[in-house]
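For reference, the structure discussed in these notes is given below.
The values are calculated or read from the model by the stated rules, or taken from the named source; none is laboratory data. These numbers were taken from a predicted model, which means no experiment stands behind them. All Cβ positions, even for glycine, are placed from backbone atoms using ideal geometry, and neighbour counts span all protein chains on display.
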Amino acid sequence: MRGSRRDDAEFTEFVSQQSDRLYRSAYLLTTSPHAAEDLLQTTLAKMFAGWRRLRTTDDPVAYSHRILLNAFLSERRLRRSSELPMGELPEHHAAGTATPSEDLADRVTLMAALAELAPLDRAVVVLRYWHDHSVTTTAADLHLTEAAVKNRASRALRRLRDLLADDLDIPRSAR
């Protein structure tokens, strides 16, 4: 029983330290606050089930991000979700932490553009440019070749530029 309580306490501490970072990653991958919360809960449930093994790994934080990424890709592959995406208003999470309207508009625009990417392309962009992973690490995490990661990143960034330029009414000649 003591080991179980200690495990629970360690897991609770890990979650309190890492849940915000995991949520941000989930939000970037799903582009929806509600889907990000669902993905985070799925990740935390899987982590809790294997916590004794997970806590002894060299890097539990990296392992938790791997669980999150695998859960995201697995859900996309299965296509079992019956939810339909809908436009929604941004949520304010805490009083006094409101983002300036321009920054909020930029975030909404970026999230909408990310949502237009295929899930695997979105995962490449998030890992490479948000988490600043190397091509090698991204390839290993996604079970792709390095060439495939470079190709997907290039295509995804081009697509994001086009989507963002269209949103900002930038002429094609100026892109």
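Residues in segment 128-142: is at least one among the small types (G, A, S) and surrounded by 14 or more Cβ atoms within 10 Å (Cβ to Cβ)?
Yes: segment 128-142 contains one or more residues that are among the small types (G, A, S) and surrounded by 14 or more Cβ atoms within 10 Å (Cβ to Cβ).
Within segment 13-69, take every residue that is hydrophobic (A, V, I, L, M, F, W, C) and free of Cβ contacts under 8 Å to residues at least 24 places away in the same chain and give me the one that is surrounded by the most Cβ atoms within 10 Å (Cβ to Cβ). Show your work before the answer.
First, the residues of segment 13-69 that are hydrophobic (A, V, I, L, M, F, W, C): 14-15, 22, 26, 28-29, 35-36, 39-40, 44-45, 47-49, 51, 54, 61-62, 67-69.
Remaining after also requiring free of Cβ contacts under 8 Å to residues at least 24 places away in the same chain: 36, 45, 49, 54, 62.
Values: A36: 21, A45: 11, A49: 10, L54: 17, A62: 13.
Among them, the one singled out is A36.
Could you go through segment 116-134 and let me know if any residue there is touching a Pro at 6+ places or on another chain (Cβ under 7 Å) and modelled with pLDDT under 90. The answer is no, given that none of the residues of segment 116-134 is touching a Pro at 6+ places or on another chain (Cβ under 7 Å) and modelled with pLDDT under 90.
Every residue, every condition in (1) at pLDDT 90 or above; (2) in contact with a Phe, Trp or Tyr (Cβ under 8 Å, 6 or more places away or on another chain); (3) closer than 19 Å to V126 by Cβ, yes or no:
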| residue | (1), (2), (3) |
| --- | --- |
| E13 | yes, no, no |
| D20 | yes, no, yes |
| A26 | yes, yes, yes |
| D38 | yes, no, yes |
| R52 | no, no, no |
| D59 | no, no, yes |
| L68 | yes, no, yes |
| R77 | no, no, yes |
| R80 | no, no, no |
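Any residue that is closer than 28 Å to L117 by Cα, among the aromatic types (F, W, Y), assigned to a helix (DSSP H, G or I) and in contact with an Asp or Glu (Cβ under 8 Å, 6 or more places away or on another chain) - is there at least one of those in segment 26-41? Among the residues of segment 26-41, not one is closer than 28 Å to L117 by Cα, among the aromatic types (F, W, Y), assigned to a helix (DSSP H, G or I) and in contact with an Asp or Glu (Cβ under 8 Å, 6 or more places away or on another chain), which makes the answer no.
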